[in-house]
Amino acid sequence: MLASAAEVLDATDNPAAALTLTGVACTFVSKDAPDQRYTAVQDVDLRVGAGEFVSVVGPTGCGKSTLLNVAAGLLAPSLGSVQVFGEPLVGLNRRAGYMFQTESLMPWRTALANVSAGLEFRGTPLKEAQALAQEWLGRVGLSGFGDRYPHQMSGGMRKRASLAQTLVLDPDIILMDEPFSALDIQTRQLMENEVLQLWQAKRKAVLFITHDLDEAIAMSDRVVVMSAGPASHPMGEFVIDIARPRDVAEIKSTPRFRELHAGIWDVLREEVLKGYQQQLQKVA
Ligand SMILES: Nc1ncnc2c1ncn2[C@@H]1O[C@H](COP(=O)(O)OP(=O)(O)OP(=O)(O)O)[C@@H](O)[C@H]1O
């Protein structure tokens, strides 16, 4: 269901927002030719409520990762502002945990040591850090694998360990950039269901970036559709009114899922085609 203007306004005013981007623009300046600029995103208003699961979908290169980097505090916007639980974000977003597409595990550390690393860096005593890491390895189904090094684990196991590595720090906001795109479809569905179960138990705010509209609908409370770049911005926002708990594989065959998919794809299709044309022009 396309969110009404009143609903969006109401959400923006809600003081419980975990993350609020207001009027955000990001312009990149070419290192070799400073007069060449590219505005990836512009006029972006985006809000993630406390405990809300929001996905951002959009054509390739539209600026999804750029927005996540802004939310993480890794990239300062050229214009606009970011608020975290009502406070202006300055520097790194310390209330957020990240899970990116790329591998985050340190190859020289075991699974257990990888999961405990963040706590150790924060100054948690080693024994306590290891106990918490072991607990989280159990939650992601890796109890017996704490002594394995990343190269001794499958892709799915490494993703599980990365998930534990992110969640052990108990962040209030979880930022995920296509975390499961490298996995085969079965493993991916298992991981998606596991993330939903963990999220349901802890109800953190999640900003989830994905190319995959099915995944966005299956996981989220709300799906935000970005326009094709340059100056990409949200052009549609859909409330996913499908009951939870959900099984991501099962709900895809329900009439409501298909209806939502058709509605969102209607908005997204043209932008995907534009984005694809732009990619071709860049290559040519
Ligand atoms: N540091 C940078 N310097 C210059 N241009 C950049 C930089 N980071 C991103 N861009 C450009 O900004 C645009 C948006 O990139 P971004 O990676 O955010 O898009 P995306 O939607 O996440 O892409 P994809 O869907 O392919 O992962 C792209 O055209 C990219 O080339």
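The values are calculated or read from the model by the stated rules, or taken from the named source; none is laboratory data. Quick caveat, the model's predicted, so the values are computed rather than measured. Cβ atoms come from the backbone with ideal geometry, glycine included; neighbour counts cover every protein chain shown.
Worth pointing out:
- Qualifying residue in the range 95-104 (condition: within 12 Å of the ligand (Cβ to nearest atom) and assigned to a strand (DSSP E or B)): no
- The range 76-88: number of residues that are surrounded by fewer than 18 Cβ atoms within 10 Å (Cβ to Cβ) and in a loop (DSSP other than H, G, I, E, B): 4
- Condition met for PRO230 (in a loop (DSSP other than H, G, I, E, B) and either in contact with a Gly (Cβ under 7 Å, 6 or more places away or on another chain) or under 19 Å from VAL44 (Cβ atoms) (or both)): yes
- Contact map, the range 176-194: residues that are closer than 16 Å to LEU207 by Cα paired with residues that are within 16 Å of the ligand (Cβ to nearest atom) and small (Gly, Ala, Ser), Cβ distance under 7 Å, separation 6+ or inter-chain. Pairs shown: ASP177/SER65.
- Of all residues in the range 199-217, those that are modelled with pLDDT of 90 or more have Cβ atoms under 6 Å from Cβ atoms of residues that are aromatic (Phe, Trp, Tyr), 6 or more apart or on another chain, in VAL206/PHE53.
- If you filter the range 23-36 down to residues that are modelled with pLDDT of 90 or more and surrounded by fewer than 16 Cβ atoms within 10 Å (Cβ to Cβ), you find that the one that is nearest to the ligand (Cβ to nearest atom) is PHE28.
- Among the residues examined, THR124 does not qualify as surrounded by fewer than 17 Cβ atoms within 10 Å (Cβ to Cβ) and among the hydroxyl-bearing types (Ser, Thr, Tyr).
- Single condition ASP43 does not satisfy, out of (1) more than 12 Å from the ligand (Cβ to nearest atom); (2) closer than 21 Å to GLY275 by Cβ; (3) crowded, with 17+ Cβ neighbours inside 10 Å: (3)
- Residues that are more than 27 Å from TYR276 (Cβ to Cβ), at pLDDT 95 or above and either within 9 Å of the ligand (Cβ to nearest atom) or assigned to a loop (DSSP other than H, G, I, E, B) (or both) within the range 50-72 comprise just one, GLU52.
- Verdict on LEU175 being closer than 22 Å to PHE53 by Cβ, touching a Leu at 6+ places or on another chain (Cβ under 6 Å) and modelled with pLDDT of 95 or more: yes
- TRP199 satisfies every condition listed in (1) in a helix (DSSP H, G or I); (2) within 16 Å of the ligand (Cβ to nearest atom); (3) within 25 Å of MET99 (Cβ to Cβ) except (2).
- Test for PRO179: is it in a loop (DSSP other than H, G, I, E, B), closer than 13 Å to GLU103 by Cα and in contact with a strand residue (DSSP E or B) (Cβ under 7 Å, 6 or more places away or on another chain): yes
- Condition met for ALA131 (loosely packed, with under 15 Cβ neighbours inside 10 Å and either within 16 Å of the ligand (Cβ to nearest atom) or part of a helix (DSSP H, G or I) (or both)): yes
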